[in-house]
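Asker: Quick one: the structure is below, and I'll ask about it shortly.
Please treat every number below as a calculation from the coordinates, not as lab data. Treat the numbers as computed from the prediction; the structure is a model and nothing was measured. Because the Cβ atoms are built from the backbone with ideal geometry, glycine has one as well, and the counts that use them run over all protein chains shown.
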Amino acid sequence: METHEERLERKLNETFVCTICGLYNEMHDAEKTTEAGIECVSCHTKFMGYTKSELHIVFQMVRDPENWKNPIKAYINRAYAEKADAAVGFFTGGPATISSVPGCPDMIEVTAPGYYLSCGP
């Protein structure tokens, strides 16, 4: 019978840290190996035309810094509007509302109900 320590060692050998997103993944989710390390399949899967790593970068701009599952209200550069819409949908499961900021033509306001209200606790 396998001991607890042996099981932990086996699990460590069956996992890797993605060099793009930094998350632990199981080896069957490995997409490709580069000189930098192993990349996970979800970082190469597209959502609304963007990879998870692209969406993660923009989501960091709009999410609540205290808890990413909370409602969202952020002001960002208009150039990120489409990615922000996709990122909010991807990470929270709910819709984003993108609005112009009066007097600031280069800025938008991004609001969303957040993960808790869109998907539950």
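Asker: May I ask you to list the residues of region 73-96 whose amide nitrogen lies under 19 Å from a point 7 Å from Cα along the Cα→beta-carbon direction of Leu117?
Answerer: Under 19 Å, as judged by backbone N against the label point of Leu117, lie 73-76, 84-96 of region 73-96.
Asker: Per residue and in cubic angstrom, what volume does the convex hull of the Cα atoms of region 57-119 have?
Answerer: Roughly 65 Å³ of hull volume per residue.
Asker: Still on this model: From the backbone phi of region 63-72, what are the Karplus-calculated ³J(HN,Hα) couplings (6.51 cos²θ - 1.76 cosθ + 1.60, θ = phi - 60°) in whole Hz, Gly and Pro given as x?
Answerer: These are the phi-based 3J(HN,Hα) values: 5, 5, x, 7, 7, 5, 8, 6, x, 10 Hz.
Asker: Once amide H atoms are built 1.01 Å from N in the peptide plane, which residues 5 or more positions from Val101, or in another chain, come under 5 Å H to H?
Answerer: So Val101 has HN proximity to Met107, Glu109.
Asker: If you don't mind, there's one more thing I want to ask. Kindly state, to the nearest 0.05, the FRET efficiency for Glu82 paired with Cys21, given R0 = 30 Å and r defined as their beta-carbon distance.
Answerer: That pair, Glu82 with Cys21, gives E of 0.90.
Asker: Testing the spin-label approximation: label points 7 Å from Cα along Cα→Cβ at Met1 and Thr33. State their distance in nm.
Answerer: Placing both labels 7 Å beyond Cα along the Cβ direction yields 3.5 nm.
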